[in-house]
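Visitor: Dropping a structure here in structure tokens format, bear with me for questions.
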Amino acid sequence: MDLGEINPVLLVASLMVAATPLLLAAIGELVVEKAGVLNLGVEGMMIVGAISGFAISVETGSPWLGFVAAAIGGAVLSLLFVLLTQVALANQVASGLALTLFGLGFSALMGQSYVGVKPPSMGDIHIPVISDIPVIGPILFQHDPILYVGIALTAAVWATLKYTRVGLILRAVGENHDAAHALGYKVIKIRIMAILFGGACAGLGGAYISLIRVPQWTEGMTAGVGWIALALVVFASWKPWRALLGAYLFGGITVLQLNLQAAGVAIPVEYLAMSPYIITILVLVILSADKSSAPASLGRTFHASH
Amino acid sequence: MTTPLLSLQGLTKAYPGVVANDQVSFDIGEGEVHALLGENGAGKSTLVKMIYGLVKPDSGTMLLRGQPFAPPEPRAARADGIAMVFQHFSLFDALNVAENIALGMENPPPMGDLASRIREVSETYGLPLDPYRTVGDLSAGERQRVEIIRCLLQDPKLLIMDEPTSVLTPQEVEILFETLNKLRSEGTSILYISHKLEEIRTLCDHATILRLGKNVGECVPAETSARDMAEMMVGSTLQTPERSGREFGEVALDVSGLSVPSPSEFGTALKNIHMTVRKGEVLGIGGVAGNGQDELLGALSGEILTAADAIKFNGQRIGKLGPTARRKLGVLTAPEERLGHAAAPDMSLTENALLTGSVREGLESNGFLKWAETKSFAEKIISAFDVRTPGPENAARSLSGGNLQKFVIGREVLQNPDILVVNQPTWGVDAAAAAAIRQAILDLAAKGTAVVCISQDLDELMEISDSFAALNEGRLSAPRPTTGLTVDEIGLMMGGAHGMEVAHV
């Protein structure tokens, strides 16, 4: 056992990478839930995004096109959820679970010829001077662009929900859809937009795993990150910055426990492997002990009665 | 004659199985307070939804200042100066006052400006309001202010108010009326929907009466007696329940020092409640909705458990017993919300009869259900309480509100309770059915049952209860005999104007 082998700078830098897929998916789902829709299909949309992004970037040679395709892939799959829950008014929980099962199976089918292929690399950004600052440079300014997209998206979602009229209407729809309808807002339309946004974000998150974090394609490679994202939204009390905090915490402990495993710490591997899940949930439960207010219409089907 | 502000001509709207509005025509003049009067289900709400653009009429036209007016959506109606205060408030609990108001406006100014305009308008009309408070924490009267101010900020030409006083104390009603009078003096027309006749007589210039979707008459309320209006509304003469003088027995229900937190986030905790109800006595509990009524019913039914000796039944401590154990003893309850609390909407009447009747009526043995007995119990309720339904196999949801209410109350009454607790027994029920339900409650009391009737309808409480107490912010006033109580005293028991500033207009 040699803890000295763990490089703190690399550790922090890689925790941000480990956290990004989770953050992207959670921010998307946060918007969906703020609009009053519970989409349990995050895992399915992520894995479909992962393979769509992987396939397109292999075929075109452009990781950027891959990420665009991943967002579209995730959104297209969420369209299925839209059809089920917003048009056919089916139960959201069952539809979301179906979406995940479908996404896992469908991505395996799509990905058959891509197993073992290496995707084109996106490359990290390098800003002269800033990126070369010791310690801070490698931690904050030597990552791939999508990681910054994730952080920017968090800030954008936070500001939109808090300061803009669109955000206010979105929250209103999630809070009391009957009242929003009575005031003349298009509840279904707003929810569809939110679901599509959530699908696109989940798709991006999935592609981040297959194109940057792991870079390769394996069946079921999202490995439950979609479910963690769902839990993260709840424990983050539907607050974007808390979701970011939770994602980094989860990413951090994931990376740390991998490092500890490599360093040969005398804790059974199983305990180390489960630690990110347990610690993240514990911390967020404590954080959400204040009045964690779920959107009041969350998961309820809206049907205009007149 | 000048052109009326809004003229309705032959408006008709049919839903599957029912014609909600049938050739309704009337005019609303400029600066007029026009009452729309009718029982529940008379088509008042559908009519105003058409004016507000939420529902499209099947036929008929509307003219606004002589111009054709057919708003495709509420936005268009608001742009033309129509504003509406909803009966069930269309507010968002988790958002603050300013955010709620911004949602009801087309082009809201930035939040800071909006907040100062809310302050300004609310002071002008004597409805002080803090723009940054969370709506979920406001009282019913304050919530209504939010709705009214939301409307006023848009300079409405016509303000529609759907049953605005059903959630207010008499003192709060007075403040509201002063505001409405000020609006009228400024030239705003008001369409005032209500079934409270005395209010209409004091406030309104003109009244249109709807019955079963048809315009059955118009009158000038100040010159028409309440009784005449009521008979136009109902279409027949009204029966008042009879109350025979009776002796009270010993104390059946003894509640002392009952304090429980509310199970829901925006609910009201009960604080140190004391009351006793004797056998044969009807205790009426008034108060504005949301002051602990649901919690009190829950504590008495056993849905909320309390300290064992906070509630005693014939001297036995039952505070820690659940609903089934209490039912076995003879403590029965009928909650307010018919669909979802008192009855399971998608289950048949037979199944619903079983749900509360199984213990006392012996409808199950060794875990198996006795469907034949259950069905005859359901049929007994249907015939005894004149529930209009094709049969007990129909889903609870398919019944009209009044019929389901008769079923829900009848189900408890027929189980011969020793104590019956009802919450809003006649809410949303037409006058004839309401009279039948009240009579059933009185008959039950005459047989020696102790009855607790929680209601927001003060007239109802005065009619059936022997003593009266009021819930206000989770506290219960000391019960007083009903005879001799004045409206002012009742209003004060209900918390007066809840510390709201009186309108200075």
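Visitor: Counting only other chains, what is the mean number of Cβ atoms within 10 angstrom of the Cβ of each residue in peptide A:177-183?
Guide: Numbers: counts 0, 3, 10, 3, 3, 10, 14.
Average neighbour count from other chains, rounded to a whole number: 6.
Visitor: Another question, then. Starting with the highest mean, order B:285-292, B:361-368 by the number of other Cβ atoms within 10 Å, averaged over the residues of each peptide.
Guide: On the way: B:285-292: 24.0, B:361-368: 11.4.
So the order, starting with the most tightly packed, is B:285-292, B:361-368.
Visitor: Next question, about the same structure. Under 5 Å between amide hydrogens, which residues at least 5 positions from B:Gly217 or on another chain qualify, with H placed 1.01 Å from N in the peptide plane?
Guide: HN-HN under 5 Å from B:Gly217: B:Ile209.
Visitor: Right, here's the next one. Taking every DSSP beta bridge that has both residues in the range B:251-493, what percent is antiparallel when rounded to the nearest 5?
Guide: Numbers: 18 of 36 bridges.
In the range B:251-493, DSSP labels about 50 percent of beta bridges as antiparallel.
Visitor: Quick one: dipole size for the range B:6-234, taken about the Cα centre, charges +1 on Lys/Arg Cβ and -1 on Asp/Glu Cβ, in debye to the nearest 20.
Guide: With Lys and Arg at +1 and Asp and Glu at -1, about 500 debye.
Visitor: Which value, in debye to the nearest 20, describes the size of the charge dipole of chain B about its Cα centre when Lys and Arg Cβ atoms bear +1, Asp and Glu Cβ atoms bear -1, and nothing else is charged? Numbers along the way, then the final one.
Guide: Working: 45 positive and 65 negative charges, 234 e Å.
Result for chain B is approximately 1120 debye, rounded to the nearest 20.
Visitor: Here's something else I'd like to know. In 10 Å bins starting at zero, report the fraction of Cα pairs in the range B:351-476 per bin as a rounded %.
Guide: 12, 41, 33, 13, 2
Visitor: Provide, for chain A, the number of lysine pairs with alpha carbons under 18 Å apart, each pair being eight or more places apart or on different chains.
Guide: Values: A:Lys34/A:Lys162; A:Lys34/A:Lys186; A:Lys34/A:Lys189; A:Lys34/A:Lys239; A:Lys34/A:Lys291; A:Lys162/A:Lys239; A:Lys162/A:Lys291; A:Lys239/A:Lys291.
Pairs that pass both the separation and distance tests number 8.
Visitor: Another question about this same structure. For chain B, divide the Cα radius of gyration by the Kirkwood radius and give the resulting Rg/Rh value with two decimals. If you can, show how the numbers build up before the last one.
Guide: On the way: Rg = 23.8 Å, Rh = 24.3 Å.
Rg/Rh for chain B comes to 0.98.
Visitor: Under 8 Å for C-alpha pairs, at least 6 residues apart: give me the relative contact order for chain A, rounded to a whole percent. Walk me through the numbers before you get to the answer.
Guide: Working: 575 pairs, mean separation 113.7, N = 306.
Once normalised by length, the contact order is 37 percent.
Visitor: Report, to the nearest 10°, how far helix A:63-82 tilts away from the longest principal axis of the Cα atoms in chain A, using its own Cα long axis and a range of 0 to 90°.
Guide: 30
Visitor: Also: Assuming a ≥ b ≥ c are the square roots of the Cα gyration tensor eigenvalues, decide whether the range A:188-306 counts as rounded (a/c under 1.5), prolate (otherwise, with a/b larger than b/c) or oblate. Kindly include the intermediate steps, with their values, before the conclusion.
Guide: Numbers: a/c = 2.98, a/b = 1.58, b/c = 1.88.
Taking the square roots of the gyration eigenvalues as a ≥ b ≥ c, the range A:188-306 is oblate.
Visitor: Based on DSSP, what percent of beta bridges with both residues in chain B are antiparallel, to the nearest 5?
Guide: Numbers: 38 of 74 bridges.
Close to 50 percent.
Visitor: Using 10 Å bins from zero, what percent of all Cα-Cα pairs in chain A falls into each bin?
Guide: The calculated distribution, bin by bin, is 7, 27, 33, 23, 8, 2, 0.
Visitor: Same structure again: Arranged from highest to lowest average of other beta-carbon atoms within 10 Å per residue, in what order do the peptides A:122-131, A:60-69 appear?
Guide: A:60-69, A:122-131
Visitor: Restricting to the range B:6-234, what percent of DSSP beta bridges are antiparallel, rounded to 5?
Guide: Details: 20 of 38 bridges.
Rounded to the nearest five, the antiparallel share is 55 percent.
Visitor: Please list, or write none, the lysines whose alpha carbon is within less than 21 Å of the alpha carbon of B:Lys380, excluding same-chain residues fewer than 8 places away.
Guide: The qualifying lysines are B:Lys328, B:Lys370, B:Lys406, B:Lys447.
Visitor: Something else: Using only the alpha carbons, work out the radius of gyration and Dmax of the protein assembly as shown in angstrom.
Guide: Considering the protein assembly as shown through its Cα atoms, Rg and Dmax are 31.2, 99 Å.
Visitor: Work out the mean other chain Cβ neighbour count within 10 Å for the residues of B:90-103 and drop it here as an integer.
Guide: Numbers: counts 8, 5, 13, 5, 10, 5, 0, 0, 0, 4, 5, 0, 4, 12.
Neighbouring Cβ atoms belonging to other protein chains average 5 per residue here.
Visitor: Let me understand the range A:45-176 better: what is its radius of gyration from the alpha carbons, and its Dmax, in angstrom?
Guide: Cα radius of gyration and Dmax of the range A:45-176 are 18.9, 56 Å respectively.
Visitor: Give me the number: length gained by fully extending A:Ala304 to A:Ser62, i.e. 0.36 nm times residue separation minus the C-alpha to C-alpha distance, one decimal in nm. Mind dumping the intermediate values first?
Guide: Details: separation 242, 0.36 × 242 = 87.12 nm, distance 4.51 nm.
82.6 nm is the gain from fully extending A:Ala304 to A:Ser62.
Visitor: Across peptide A:162-173, what mean number of C-beta atoms from other chains lies inside 10 Å of a residue's C-beta? Could the numbers behind the result be given before it?
Guide: On the way: counts 0, 2, 0, 5, 0, 0, 8, 2, 0, 5, 10, 2.
For peptide A:162-173, the averaged partner shielding equals 3.
Visitor: Moving on. How big is the dipole moment of the range A:177-252 about its Cα centre under a simple scheme where the beta carbon of each Lys and Arg is +1, that of each Asp and Glu is -1, and everything else is neutral? Debye, nearest 20, please.
Guide: Here the size comes out at about 220 debye.
Visitor: Helix-only estimate, please: 222 nm mean residue ellipticity of chain B, summing -39500 (n - 2.57) across DSSP H runs of length 4 or more and dividing by its residues, to the nearest 500.
Guide: Calculated from helices alone, the mean residue ellipticity at 222 nm is -10000 deg cm²/dmol.
Visitor: Restricting things to alpha carbons, find the Rg to Rh ratio for the range B:6-234 using the Kirkwood radius for Rh.
Guide: Numbers: Rg = 17.3 Å, Rh = 18.0 Å.
Rg divided by Rh gives 0.96.
Visitor: Semi-axes, largest first, in whole Å: what does sqrt of 5 times each Cα gyration tensor eigenvalue give for the range B:121-206?
Guide: 21, 16, 11
Where a number appears in this text, it was derived from the coordinates with a stated rule and is not lab data. Since the structure is predicted, the reported quantities are computational estimates derived from the model, not experimental observations. Positions of Cβ are generated from backbone atoms using ideal geometry, with glycine treated the same way; all protein chains shown enter the neighbour counts.
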